[in-house]
Structures are given as C-alpha cells and as structure tokens.
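The next block holds one structure in the form of structure tokens; read it before the comments.
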Amino acid sequence: MPSVLPDGEPVPDDGSLPASALTGAAERPLGFYLHVPYCATRCGYCDFNTYTASELRGTGGALASRDTYASNLVEEIRLARKVLGDDPRPVRTVFVGGGTPTLLAASDLVTALGAIRDEFGLAADAEISTEANPESVDPAYLAELRAGGFNRISFGMQSARQHVLKVLDRTHTPGRPEACVAEARAAGFSHVNLDLIYGTPGESDDDWRASLDAAIGAGPDHVSAYALIVEEGTQLARRIRRGEVPMTDDDVHADRYLIADEALSRAGFSWYEVSNWATSDAGRCLHNELYWRGADWWGAGPGAHSHVGGVRWWNVKHPGAYAQALGDGRSPGAGREILPDEDRRVERVLLELRLREGCPLSLLRPDGLAASRRALADGLLEPSAYDAGRAVLTLRGRLLADAVVRDLVD
Ligand SMILES: C[S@@+](CC[C@H](N)C(=O)[O-])C[C@H]1O[C@@H](n2cnc3c(N)ncnc32)[C@H](O)[C@@H]1O
Ligand code: SF4
C-alpha cells in the first residue's frame, strides 16, 4: 500500500460500480482485505498507512480511535454487500493486514470476520489470515482467533539478530517469533508464515543465515523474504542520508536471495512467487494468489485498495476521514480508475511473471516477445517452460526479476 494515493476519478457517494465490473464475476474468486491502520510504534523503514497513538492525537479525535474501529470495518463490509448487489459468490479468502491487526482485541477481528460471513458467506475451505506482531499476541489471544474462524497467521519476524532488529526498530526479542509459531500451532492454526527482511544495514551473511535457520527451525509452512526497501520519507532513509547507517548494495541483496533460496529449498520449501516459499501447495497464501492473478477483492479500511472486474479504487487514508465518511453514509472511496485493456495486460505480465507458473508468452507484444527471447538466451527464463509457451524465471532470472519484467512488458 503506497503512502501516496494515485489520482483518479471520484468514487460515487454510494460506492456503486459500473455494470461492466460485475460482468462474469461468478467466474472469479472474491477475497476481502481488512486494513488495520494502527501500530504501537513506527518502524523506521515502514511507509505503510499506519498510525501510532501520538500520530493520531488531535487529528480525527475519537473518530480515529482504534476502540471503535471494528464497527467501521463492519459498516464498510455492509456497504460492499450493497455495492456488489446480488453477487452470489461466497468469500474465498480474508486477509487482515496492517499496521498491526493484533493491536485490536481478538474479538474485534472476529467481529469483522463475522460481518463478512453474515453478508457474503464464506467458502467451505476459505483461507482466513491475519498478520500479527510477535510481541502483541499470547496463547489466549491466538486461541480466540482460532475459535473465531482464523486458520492462517503471519508473524513479522524480520530477523533473529538483536542488532538487526534494533536497526529496524522492532520491539520483539529474538526467539519470540519462533515461540509464536509454536503457540499458533498449539492453538490449531494449520498455516503459519514468518516474514523476514534481508539487507538491513549492518546485517552480515551469517546474520541472515542465522535468521533463516531460526525461521525454518520454528516449523512454519510458509516464509516470505523481502529485500529491505529504503522508502523515501522514512526515518531509515534519513538515517542513511545522514551517514548514520550504511546503504546495502544490490549485490548484497542478490547474495542474500541466493542464501535464502538455498536454505529454504534444503529445508523442503519451494518458491511459488519470487519472495514467497511454501512447504506444499496447500501452504501457499491463497489470498496473495488472488491479487497476483487479477481476481476480485474488496479492501476495507483507510487507504485500502480494491479491485473488481477491472475497476480499481482506493479509500481515503486517514482513519478519522475514513470513519467520518462511513458515519455520513458515504463510501470512503477517494478515487478510482477503470483499467484500460492494455493496463490490465501489463499488470498481468508484471504479476504473473513473478510466479512459479510464469506468464503465458501469448500475453507479450512483439517487443516483449523479442525481449523474452534475449532473456531465454541469457539464462533468465526456463527453456522447457518457454517451449511450452510460458515465461518462467530461472533462479538467475528471479535475482533480476524487476529488470526482466520491465523488458517483457514492452
Ligand atoms: C507492513 S507489515 C505489517 C505486519 C506487521 N505489522 C509486521 O510488521 O510484522 C508486513 C510486512 O511488510 C514487510 N515490510 C514492510 N516495510 C518494508 C520495507 N520497507 N522493506 C521490506 N519489507 C517491508 C515486513 O516484512 C512486514 O512483516
Ligand atoms: S509494526 Fe509493521 S506495519 Fe507497523 S510500523 Fe512496523 S513494519 Fe510497519
């Protein structure tokens, strides 16, 4: 979720969609993203749409309060029901993300999920996930989420090393994320993810290996490993500019990616998206797959983005403005765009090329196809998949994924 919202045309007050958005909807899976825009403290590298208590003070007052936030989500879910009309699809995935969803009471997350169940129904095998910060949950909290219907949980581990966690401003202690995995398993969660970050200033190859070993040893069935992005405007970017911490270079990122893929593969994980590994197909994050495959999802909460049938819209960013819109009976949508076919094609290439299944060569235009032949010759695409009509990244291709994608969209 970028910190600056795009421009776009206004969203009607009732949130209604052009009829074209619902054409063929029955064939597409439907997911829900629920954004929780609160954090206890802000990590210096993060530019997600999230607010600490002191950042909210005096800007939106009681409306922005996290104590009443679940009722805002319920309101937006009811609005979604009205907008989608008699759309008969049960919801296939729900993903609660943040911010720190687990700063809310577990009962609040269960209430929001209940509203989706009441308004839309959940598919029998629906994936119901939440993100959680390791320091913000305990066994009772996890048991309440599990009893309320959550079956997947994703912990922000980031690193096993104290000095790395410190540069990232993380407040949990090393070892706590691994304990969370055990607590989640004991509570009955069948799917557990650990998020890791590599390339933090001051992190060594050995630190990164130790983080991977600790994550793998904890027994999750999914690991996400992201290169640290130094976002403009963050505290971390300022510290790097002032020379207080060094910038990590791209070669180090590439080395760390190779270390990750090697360690995770050895432990029985397979990559299924450039930054995501799972122990089996059942361990993949179905919700993210909905995004990557251009399905429909409704994103509720401040700054959340939605996509239904080629219409993309985004909500106002501030929790106070968000609550105000819903309280006035208006859609919290701030803007929207109806994606032209060419944009949808480019988006498909961008997203599908990062997947293990790759993207069909038939999606490429002549310049992109010529670029794909060069990428094949350079060892960046798998020859057998190419012969079968798909562009699938090799390990070297994954290291250069952004550059390959840029060439292939032409
Ligand atoms: C925005 S957080 C929300 C979940 C939770 N608050 C947490 O921090 O674990 C989701 C994940 O995004 C990743 N992330 C956030 N900012 C990032 C950045 N600048 N570079 C790389 N990864 C980032 C982290 O791995 C984090 O676990
Ligand atoms: S806890 Fe997560 S969402 Fe909150 S500031 Fe840190 S990385 Fe961002």
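Values in this text are rule-based calculations from the coordinates and carry no lab data. Owing to the predicted nature of the structure, the values given are computational and were not obtained by experimental measurement. Reconstructed Cβ throughout: ideal geometry from the backbone, glycine too, with neighbour counts over all protein chains shown.
Things to note:
- Cut-off 15 Å between beta-carbons: net charge of the residues surrounding Glu55, Lys and Arg +1, Asp and Glu -1: +2
- For region 7-110, the spread of Cα positions along each principal axis, largest first, Å: 45, 30, 27
- Cα-based radius of gyration of region 50-191 once divided by 2.2 N^0.38 Å, which approximates compact folds: 1.15
- Averaging 1/r over every pair of different alpha carbons in region 19-292 and inverting the result gives a Kirkwood radius of 19.8 Å.
- Label positions at Asp7 and Leu350, each projected 7 Å from the Cα along the C-beta direction, are separated by 1.8 nm.
- Nitroxide proxy distance, nm - points 7 Å out along Cα→Cβ at Ile229 and Gln162: 3.2 nm
- Residue of Ile259, Ile216, Ile240 that the Gaussian network model of the chain assigns the largest fluctuation, springs spanning Cα pairs under 10 Å: Ile240
- Cα pair distances exceeding 14 angstrom across region 340-410, given as percent: 49 percent
- Applying Stokes-Einstein at 4 °C and 1.567 mPa s to the Kirkwood radius of region 190-304, computed over alpha-carbon pairs, gives a translational diffusion coefficient of 82 µm² s⁻¹.
- Just checking the listed ones, Glu75, Glu55, Glu178: in the Gaussian network model of the chain with Cα springs under 10 Å, the one fluctuating most is Glu55.
- Where labels lie 7 Å past Cα in the beta-carbon direction, separation of Ser190 and Ala254 in nm: 4.1 nm
- For region 182-237, the Kirkwood estimate of hydrodynamic radius, built from reciprocal distances between every pair of different alpha carbons, is 13.0 Å.
- Were the residues from Arg266 through Arg374 laid out at 0.36 nm apart, the gain over their Cα-Cα distance would be 35.8 nm.
- Per residue, the convex hull volume that the Cα atoms of region 289-371 enclose (Å³): 106 Å³
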